[in-house]
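Working notes, structure below.
Derivation of every value follows stated rules applied to the coordinates shown; laboratory data play no part. Computed from a prediction, not measured in an experiment: that's the story for all the values here. Backbone-built Cβ (ideal geometry, glycine too); neighbour counts: all protein chains shown.
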Amino acid sequence: MSQNKADTNASIQQPSSAKPGGTELSVAERALIDHEISLVPYRKAAVIEALKIVQQNRRWVSDESLDAIARYLDMNAAEVDSVATFYNLIFRRPVGRHVMLLCDSVSCYIMGCTELYRSLQQRLGIEFGHTTSDNRFTLLPNCCLGCCDHAPALMIDDDLYRDVKPMELEGILKHYE
Amino acid sequence: MNSQAGMETPLTQYIKGNGASLGLKEYEAIGGYTALKKVLQSMTPAELQQLVMDSKLKGRGGAGFSTGTKWSLVPMGPEAPKRKYLIANADEMEPGTFKDRLLLEGNPHQLIEGMILAAYAIQADISYIFLRWAYRSAAVLLKKCLEEAYAAGYLGQHIAGSDYKLELYLHTGVGRYICGEETALLNALEGKRATPRAKPPFPQISGLFGKPTIVNNVETLSCIPHIVNNGATWFRNLSSSEDSGTKIYGVSGKVRNPGAWELPMGTTIRELLEEHAGGMLPGYQLKGILPGGASTDFLTGDHLDIKMDFAAVAAAGSRLGTGTMIVMDDKTCPVGMVHNLQHFFAQESCGWCTPCREGIPWVEKILWSIEQGAGRKEDLELLDMHTKFLGPGNTFCALAPGAMEPLQSALKYFRPEFEKHIEQKKCPYANHTH
């Protein structure tokens, strides 16, 4: 967990509606988590929802955020982290302003996702798992996005792109600053 | 959405196909929620269970287990636990599979009605849709449709004026293939790591939060309103084989017209490939087929007349799985493709049991070294050994045995290709080297 601190980038770590440093959950975060708790038989069953709520608000889950969730749900931090690190889309390191998920499963492999990845590497100067130095993009591999009849596919934030050709990347990327 | 003239396509006939979704009013105008009203007014849970049993509906998520039988294992009657759960498995993540997305985005109310009916049949009082994170537009649509269904009195207290009550929640996952395994899905819903559970106890007895639970696939649940409206005999007669109903088949890969089509269960591979998918793209030959997703055995051009139903595909040495086939062409390296599959399974192994956690990454590394020209002759024996050690009975759940299916069949049908890589110390295919 110490590596997260080393990776911390002040410009994106700052939670929008929490206290500076993000050591406590904000009123809004607590309200959303309380609603999730009301739907399950015991507090800690809401932990995945709590992680999603905090990540939605703060873009990633820092050690401090994780501790705050643990305290709020009467769990220990290691227990929360074991859940957080299990799931692909809970980010325990800072991510860029836009998260790009490139499908690397079999239909996209057949239809050319490897070429797409090469092209993205060249354009962004990063490999899977990394964030551009200007914090614009984090590039991650993702398993099957479920649009195999329109392979290869990628997602940027909530937007799905299908039948993507390397030459189209420039036009797609310019929508995300 | 394509369908053949004269053939019934109950699940998809009203899906507009341009990305538009049916709202409540449109769904009601085509007979939506009449099955729910009919059941609540005139059928007992036992009668509905019997109807689905008689329809011979089998689960469309991949395993093909009888839906009626699955439901019949839930404790019923005054002695049964008051709290029971019905869950729609919408965690579609099997590589090559894109059929549930079509139903979720095209006709969400059909799923919701199917879920209320299934919940009534087992007398569940809480229901969840477990939706994968990546299906963003489906999440927005389902949220809107759930609000509509509550406002119309199809959910909540006194559904359609009856004494039956049900709450239905949308849960979006945070990514992991294993969440599609029904007991792993239950752990994910409980806020835990999504490792599979030991069975027994089966979820029907002790599922979500220890209560009786049914988990059904989206396509399976979407069939239920139509079975209620048209009867078990009608549903059985939709099919051209032993297995009843229609099936949403899909084809992806280097074909002219990749897509998904609702067709009679038992449509042949040839019809799917040649008529619906339009044959191979110019310049490409068919080399192999994964008939039902990443975790099914390869079939070849010799199997084109096999019917795509549970029994016939099994008799040919593979599995129907999700019914969405992936076509391997002659310019795609079989070693590279199987490596891609094993990379996926290694990454998605939950890590709970040792053979899967350690074995699949080893398989992936061996395949990578062969693909890179560093393979040794004895590597093929090592791979053969793994297909047995990671096969059924040696691992905690079906993930690793599923991973071994495309590997064992690739070693059977495309062994000369593996040998060529080793002899030439390179991949003979120009494309797809990482």
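Table for the structure above
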quantity	calculated
Residue (of B:G32, B:N18, B:S42) at the positive-pole extreme of the range B:14-74, dipole from beta-carbon charges	B:N18
Span per principal axis, largest first, for the Cα atoms of the range B:246-329 (Å)	33, 23, 21
Karplus (6.51, -1.76, 1.60) ³J(HN,Hα), θ = phi - 60°, over the range B:24-30, in Hz, Gly and Pro reported as x	4, 4, 5, 5, 5, 5, 9
Shielding by partners - mean other protein chain Cβ count within 10 Å, residues of A:107-119	5
Quotient of C-alpha Rg and 2.2 N^0.38 Å, computed over the range A:98-174	0.98
DSSP-defined antiparallel bridges as percent of all bridges, the range A:83-177, nearest 5	55
Convex hull (Cα only) mean projected area of chain B, reported in nm² to one decimal	20.0
Shape parameters for the protein assembly as shown, alpha-carbon atoms, Rg then Dmax in Å	24.0, 73
FRET efficiency, B:L170 to B:E274 (Cβ-Cβ, R0 60 Å, nearest 0.05)	0.95
Span-like helix ranges in chain B, DSSP H, alpha carbon extent 20 angstrom or more, Kyte mean at least 0.0	B:108-122, B:136-151, B:399-413
Estimated translational D of the range B:103-238 in µm²/s (Stokes, Kirkwood radius over Cα pairs; 20 °C; 1.002 mPa s)	136
Karplus (6.51, -1.76, 1.60) ³J(HN,Hα), θ = phi - 60°, over the range A:157-174, in Hz, Gly and Pro reported as x	6, 9, 9, 9, 10, 10, 6, 7, 10, x, 5, 8, 4, 4, x, 6, 4, 5
Where labels lie 7 Å past Cα in the beta-carbon direction, separation of B:K143 and A:L39 in nm	1.1
Farthest positive-ward along the range B:62-201 dipole, Cα basis, beta-carbon charges - from B:S137, B:T172, B:Q123	B:T172
Evaluated over chain A, the Cα radius of gyration and Dmax, each in Å	17.8, 51
Rounded Å value of the spacing that divides the Cα centres of the range B:324-393 and the range B:76-152	34
25 °C / 0.890 mPa s Stokes-Einstein diffusion coefficient of the range B:1-61, Kirkwood radius on C-alpha pairs, µm²/s	173
Efficiency of FRET from Cβ geometry, B:K365 and A:E170, R₀ 56 Å, rounded to 0.05	0.95
Spatial separation of Cα centroids for the range B:5-75 and the range B:228-260, in angstrom	14
Karplus-derived HN-Hα couplings along the range B:153-163 (A = 6.51, B = -1.76, C = 1.60, θ = phi - 60°), whole Hz, x at Gly and Pro	x, 8, 9, x, 7, 6, 5, 6, x, 8, 8
Neighbour-count ranking [beta-carbon atoms within 10 angstrom, fewest first] of B:S318, B:S55, B:S206	B:S206, B:S318, B:S55
The range B:334-424: translational diffusion in µm²/s, Stokes-Einstein, Kirkwood Rh over Cα pairs, 10 °C, 1.306 mPa s	124
Partners for A:K174 among lysines (Cα-Cα distance below 27 Å; same-chain residues under 8 apart left out)	A:K165
Share antiparallel - DSSP beta bridges, the protein assembly as shown, percent rounded to 5	45
Extension gain, B:D125 back to B:S240 (0.36 nm per residue minus Cα-Cα distance, nm)	37.7 nm
Antiparallel DSSP beta bridges within chain B, as percent of all bridges there, nearest 5	40
Qualifying aspartates and glutamates (Cα of each under 12 Å from Cα of A:K52; at least 8 residues distant if same chain)	A:E29, A:E36
Förster radius 51 Å - calculated FRET efficiency between B:R256 and A:N76 (Cβ-Cβ, nearest 0.05)	0.35
Under-5 Å amide H pairs with B:I129, H placed in peptide plane, nonlocal only	B:A88, B:Y169, B:L170, B:H171
Among B:N257, B:S241, B:L221 the positive-end extreme of the charge dipole of the range B:200-319 (Cβ point charges)	B:L221
Amide H contacts under 5 Å for A:I126, placed H, 5+ residues apart	none
